[in-house]
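Heads up: the structure comes next, in structure tokens.
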Amino acid sequence: MFTQQWNVWLELGAIGLLMFTVFYSWSRWRSKHAFNVRISKKHIKRLQKIPTPEQQMGFLRKVNPYIFEEMILSRIKQLGHRIKRGTKYSGDGGIDGRAFIRGKKVLIQAKRYKGHVSARDVEAFVAVCKQQKCFGLFVHTGRTGKLSKQMRAENVDIISGERLLSMFVERQFTPRWEA
């Protein structure tokens with residue numbers, strides 16, 4: 001009798017511990033994610049006050065990569081488009097978020113580079129967009145080399161440099177397939 005009660009208490013304790021662990025992990029992720037979104041909105045305001053494009057790009061290249069992802073999504077939302085944020089920062093299958101721009105489903109990949117953008121990253125993102133039959137925005141802070149430009153497809157727009165800064169400073173944004 002005593003051992004049966006003990007086993008029941010052990011099982012209940014194990015279930016309780018498991019539930020606590022799952023809830024704790026989930027709430028930590030949610031709070032970290034929400035924190036990054038809040039910081040991204042502050043960074044957008046800060047970026048808009050920086051006087052020169054060189055300083056603005058320098059600022060973006062120093063931002064935490066996860067904050068940069070959230071800045072892109074937050075700005076697209078500020079411009080009046082519906083977004084869906086990714087559920088995790090790594091292992092996301094090459095998709096950091098989704099937007100719905102003028103009725104089109106758009107996958108978003110944000111990369112914070114200091115040097116040249118990886119042609120492999122562009123190629124992989126183009127493949128994901130083709131597989132899911134939707135448009136894509138590959139947004140980055142680096143330099144777009146010839147090979148990366150060749151990798152892009154009709155349905156994928158690569159945004160960097162002046163267009164990236166314009167997206168944050170101007171009140172409108174037009175993807176290449178809309179122009």
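Between K62 and S90, the FRET efficiency from the beta-carbon distance, with R0 = 22 Å, is close to 0.65. The distance from the alpha carbon centre of the range 62-89 to that of the range 103-156 is 16 Å, rounded to a whole number. What residues of the range 28-68 lie in the reach of a label at K114, counting those whose backbone N is under 19 Å from a point 7 Å from the Cα along Cα→Cβ? Output list for this probe position: 54-68. Remark: spin-label model distance L79-V169 equals 1.5 nm, labels positioned 7 Å along the Cα→Cβ axis.
Out of every Cα-Cα pair in the chain, what percent are more than 20 Å apart? Value for the chain: 58 percent of Cα pairs lie more than 20 Å apart.
Modelled spin-label separation between W9 and R143, with each label point placed 7 Å from Cα along the Cα-to-Cβ direction: 6.9 nm.
Over the chain, Cα pairs under 8 Å with separation of 6+ residues give a relative contact order of 16 percent.
Exceedance of the 30 Å cut-off in Cα-Cα distance is limited, within the set K49/K104; K45/K105; K49/K146; K88/K130; K88/K149; K77/K133, to K49/K104; K49/K146.
Applying 1/(1 + (r/R0)^6) with r as the Cβ-Cβ distance of T52 and K133 and R0 = 35 angstrom yields a FRET efficiency of 0.30. The magnitude of the dipole of the chain, with charges of +1 and -1 set on the Cβ of Lys/Arg and Asp/Glu and taken from the Cα centre, is near 600 debye.
Since every read-out is calculated from the coordinates, none of them should be taken as a lab result. All figures in this text were calculated on a predicted structure; none of them were measured in a lab. Heads up, the Cβs are rebuilt from the backbone with ideal geometry, glycines too, and the neighbour counts pull from every protein chain shown.
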